[in-house]
Amino acid sequence: MFPAFLFDLDGTLVDSVYQHVLAWRDALEAAGFPLAVWRIHRRIGMSGGLFVNALARETGRSLSAEETARMQQLHREAFRRYSDQVRPLPGARELLGYLAQARVPHAIATSGFRESAERSLKHLGLGADVPVVTRDQVAHAKPDPDLFLAAAERLGVEIGDSVVVGDSIWDLLAARRARALGVGLLSGGYGEEELERAGAYRVYQDPADLLAHLDEVGVRGE
């Protein structure tokens, strides 16, 4: 029996992390809240609300719920301008195609809202039967486990029989809280040691590298 695979999207299957970083930079500057891009990158993968609150805490500012919601909207608008630059990561389409052919259950769980996610999903050639869970469908996003729990439920599998694949520490913390195994990818900009400390039991370069080593995570060919 194969494990189910629950994938993050940005930085895991599509090369979109830095487009999101730039979109957040634009949104924060428009809101009078300029920050260095490295600080922004360290929080990519969290839900938008937690992201804004964490950055506000780092800079000693207090934000109202209305200000937080406004920044999230500014980010979605800014990401539209960068979304044409998004591409699938090496091996992403091939990995998903192999899992579909081998009948390995898999789903996508992203902290992004449906509107932003759809702009990236179009690059992956997903089958209509692959569940996609977005931020607007759960109460809490990463590092809470809700997205991955919902994805496992949509697949009809136990979360303990699932492997979460993500590129950020927030993905792997959410995987640990869900009690799923975590696999880290370096394609989002986090380092191997960071991902391992957050709970990854294997770390690969990108989807192509994971595809070449699927036997290490429980998927064996005939």
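The values are calculated or read from the model by the stated rules, or taken from the named source; none is laboratory data. Please read all numbers here as calculations on a predicted model, not as lab measurements. Neighbour counts are summed over all protein chains in view; Cβ atoms, including those assigned to glycine, are modelled from backbone coordinates with ideal geometry.
Restricting attention to segment 62-91, the residues being in a helix (DSSP H, G or I) and among the hydroxyl-bearing types (Ser, Thr, Tyr) number 3. Kindly list, by first and then second residue, each pair from a residue in segment 200-213 that is without any contact (Cβ under 8 Å) to a residue 12 or more places away in the chain to a residue that is crowded, with 21+ Cβ neighbours inside 10 Å and assigned to a strand (DSSP E or B), limited to pairs with Cβ atoms under 8 Å and residues at least 6 apart or on different chains. Between residues of segment 200-213 that are without any contact (Cβ under 8 Å) to a residue 12 or more places away in the chain and residues that are crowded, with 21+ Cβ neighbours inside 10 Å and assigned to a strand (DSSP E or B), the close pairs are His213/Tyr204.
Taking segment 4-19 as the region of interest, how many residues are within 17 Å of Leu186 (Cβ to Cβ) and assigned to a helix (DSSP H, G or I)?
Step one: filter segment 4-19 for residues within 17 Å of Leu186 (Cβ to Cβ), giving 7-18.
Retained after the next criterion (residues that are assigned to a helix (DSSP H, G or I)): 17-18.
Residues in segment 4-19 being within 17 Å of Leu186 (Cβ to Cβ) and assigned to a helix (DSSP H, G or I): 2 in total.
Note on segment 26-48: among residues that are part of a helix (DSSP H, G or I) and without any contact (Cβ under 8 Å) to a residue 24 or more places away in the chain, the one that is surrounded by the fewest Cβ atoms within 10 Å (Cβ to Cβ) is Trp38.
Considered as a group, the residues in segment 204-222 that are part of a helix (DSSP H, G or I) and charged (D, E, K, R) include one that is surrounded by the most Cβ atoms within 10 Å (Cβ to Cβ), and that residue is Asp209. Within segment 185-202, being within 16 Å of Pro90 (Cβ to Cβ) and either in contact with a strand residue (DSSP E or B) (Cβ under 6 Å, 6 or more places away or on another chain) or at pLDDT 95 or above (or both) holds for Leu185, Leu186, Ser187.
Applying the condition of being at pLDDT below 95 and surrounded by fewer than 23 Cβ atoms within 10 Å (Cβ to Cβ) to segment 7-18 and asking which residue is nearest to Tyr204 (Cα to Cα) yields Val17.
Candidates are the residues of segment 174-203 that are outside any strand (DSSP E or B) and within 17 Å of Ala152 (Cβ to Cβ); the one that is farthest from the chain's Cα centre (by Cα) is Arg179. Cβ-Cβ distances below 9 Å connect the following pairs, each with a first residue in segment 92-105 that is in a loop (DSSP other than H, G, I, E, B), a second residue that is at pLDDT 95 or above and polar (S, T, N, Q), and a separation of six or more residues or different chains: Pro105/Ser162. Checked against (1) touching a strand residue (DSSP E or B) at 6+ places or on another chain (Cβ under 6 Å); (2) outside any helix (DSSP H, G or I); (3) over 12 Å from Val14 (Cα atoms); (4) not small (Gly, Ala, Ser), His123 passes all but a single condition, namely (3).
Taking each residue of segment 151-176 that is free of Cβ contacts under 8 Å to residues at least 12 places away in the same chain and looking for partners that are crowded, with 24+ Cβ neighbours inside 10 Å with beta-carbon atoms closer than 8 Å, six or more apart or interchain, yields Glu158/Ala152.
Taking the criterion of being closer than 21 Å to Ala152 by Cβ, in contact (Cβ under 8 Å) with a residue 24 or more places away in the chain and surrounded by fewer than 15 Cβ atoms within 10 Å (Cβ to Cβ), the only residue of segment 106-131 that qualifies is Gly127.
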